[in-house]
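The next block holds one structure in the form of structure tokens; read it before the comments.
Each reported figure results from applying straightforward, stated rules to the coordinates on display, with no laboratory input. Because the structure is predicted, anything quoted here is derived from the model rather than measured. All Cβ positions, glycine included, derive from the backbone under ideal geometry; neighbour counts span all protein chains shown.
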């Protein structure tokens, strides 16, 4: 799979900023096709998921999907306008494929019914035409509309597009495996040229820079590449790149990923705005102990959740707000806020970066930012949530644990005020065991777990017992075994998919075994039918290589004379249960069950066999090819040429079709049976004679 030379060539093309983006994409496409890593085919919306790297990892916005889709409907859907559609194959590698599918499950689940669920039949992931494809897929699934009601496929052109699809360029999963940054690069280029494309905003552009740098590009080249795709923030793209480099959180740029995920979870697509984004990047507090990366992220999160939007740009914080925070009298409050957010981020990491804790942390960032800038009244929540930094931290602990925002912030009792006098504790109000559970999200009640100290034993987590985790192993024979685990060892217990052994009851087991299992009964009946067909063939088939000339290409001639109905050809084929018996034309019937006849591959190339037989070539013909004369009789539409007809016979309890000669045959006669049209014509004439 590894091809260092090809990898280097692909990366060289992607990083060559001297060439316009479209030309680079053309060169890449030609290169991939040359190496059989890209191909064109017709695909439908039902074949598609969204690539996790689409739009910098945001994938797509459900609201944007419906907004763009409605505009297309209002203008009149035209499939011919769907050009430059590009998709990647789903990876066959189990872990990677699971990540890709789970990302789409999350996207659908968080859309509130606006996007179609994952069906499991999808094979590709879009990096262009993504919003249009998602809208059509939502129409197919009759998803909800943002304003109420449900989507449908009333438009004939849309129905046709969903049924037959349109042309796509498909890139092999191997190309992405070779150069992980390839999907992000291709999406950026295509997004810049689509006439109905959605210009990406700062956080999506930042995530694309992070993806490109993580895949091996330099910051300079990555920034230039994203800038060339003409994002909405193109004029200050250097500041976006600077933010990623200095405040993105180091290798992997986890803070950029966090903000991108927070925006995705809340379907945020607004712009921070050039003035504020530059202010956040250049905000210098001359503090030697920290560069305030978490607080900077919090200010951006705060701006992105602004209730007031003007021309797609948030209007909440301004540069003057950040300037006021530079005062020496506010330094301790800023350091406290940075510490709170740093601890909160660690809780988020320890939780496995779950969506619930991500949302809680994002809300804590917003609340602290509004509290520091004294703009609480302009936020989306009630004033009760902004009582103090300590109270905001307490709300985070509560929401991270309860998996839902507090919203009203109604706690105002004496205990709350007492809590504010205690040392800051992000997890205050929780027991030691509950705190440990919050940081060990892999533990869930009823889940199955294993531990190295107890090999080959599967335990079920039953809950906390005096702050200790209780795990119970139930053996097949004997008493259950209970293990109590202290909080500091929770992480040692690993989730498992290994089934807990249990004994079937006799009645249940009998139902799956021979004698009562309907599956085995049907299999036995099918085996009997196969055996009977072979028995009938050996006893009644009268045409073989001794009296027939087998001709290539497929044809049969007589090599001797046959009186009327003396040449009998029986089928010999694989039998299977049909989905719909009413549609069968060629079948056998055994003990009330009809079985479809599926011929095994017949010999096609006699020359190949003869060449091998005389040792003119070094290969042997396919060992799976056979000759069954029944399937070698060709058809004719001329009645005077017909020499064989199918006659249905019941032999030893099996109803079977038999090809028999309807007239006397002399040697060197080509065996022909009537076409369906000729049979239908004869049947119609017979009915007319009876009517007369």
Quick calc: nm separation of the 7 Å Cα→Cβ label points for residue 34 and residue 484 -> 7.0
Expected unfolding gain across residue 518-residue 324 under the 0.36 nm per residue rule, minus the alpha-carbon gap, is 62.0 nm
Taking Cα atoms only, helix 518-540 is inclined relative to the longest principal axis of the chain by an angle, in degrees rounded to 10, of 30
Rounded to the nearest whole number, the Stokes-Einstein translational diffusion coefficient of segment 442-495 at 25 °C and 0.890 mPa s (Kirkwood radius, C-alpha pairs) in µm²/s is 219
Helix 676-691 sits off the longest principal axis of the Cα atoms of the chain, rounded to the nearest 10 on a 0 to 90 degree scale, by 60
Rounded to whole Å, √(5λ) for the Cα gyration tensor eigenvalues of segment 264-377, largest first, gives 21, 20, 11
Rounded to two decimals, the Rg over Rh value of the chain from Cα coordinates and the Kirkwood Rh reads 1.12
If the label point sits 7 Å along Cα→Cβ of residue 83, residues of segment 31-56 with amide N under 19 Å come out as 40-43
Taking a ≥ b ≥ c as the square roots of the Cα gyration tensor eigenvalues, with a/c under 1.5 meaning rounded and otherwise prolate when a/b beats b/c or oblate if not, segment 125-239 comes out prolate
Mean projected area (nm²) from the convex hull of Cα positions in segment 433-528 is 8.7
Helix 21-34 sits off the longest principal axis of the Cα atoms of the chain, rounded to the nearest 10 on a 0 to 90 degree scale, by 40
Relative contact order in percent for the chain (Cα pairs under 8 Å, 6+ apart) equals 8
The extension gain from residue 466 to residue 645, computed as 0.36 nm times the residue separation minus the Cα-Cα distance, is 56.0 nm
Under 17 Å by backbone N from the virtual spin label 7 Å along Cα-to-Cβ at residue 22, the residues of segment 65-81 are 81
Plugging the Cβ-Cβ distance of residue 452 and residue 500 into 1/(1 + (r/R0)^6) at R0 = 22 Å yields, to the nearest 0.05, a FRET efficiency of 0.75
For 211-218, 255-262, 294-301, 162-169, ranked highest to lowest by mean beta-carbon neighbours within 10 Å, the order is 294-301, 255-262, 211-218, 162-169
antiparallel share of DSSP beta bridges within segment 4-244, to nearest 5, in %, is 60
Placing each pseudo-label 7 Å from Cα in the direction of the beta carbon, residue 507 and residue 9 end up separated by a distance in nanometres of 6.8
A chain fully extended from residue 75 to residue 676 at 0.36 nm per residue, minus the present Cα-Cα distance, gains in nm 211.6 nm
For residue 105 and residue 290, extending 7 Å from Cα along the Cα-Cβ vector and measuring point to point gives, in nm, a value of 3.6
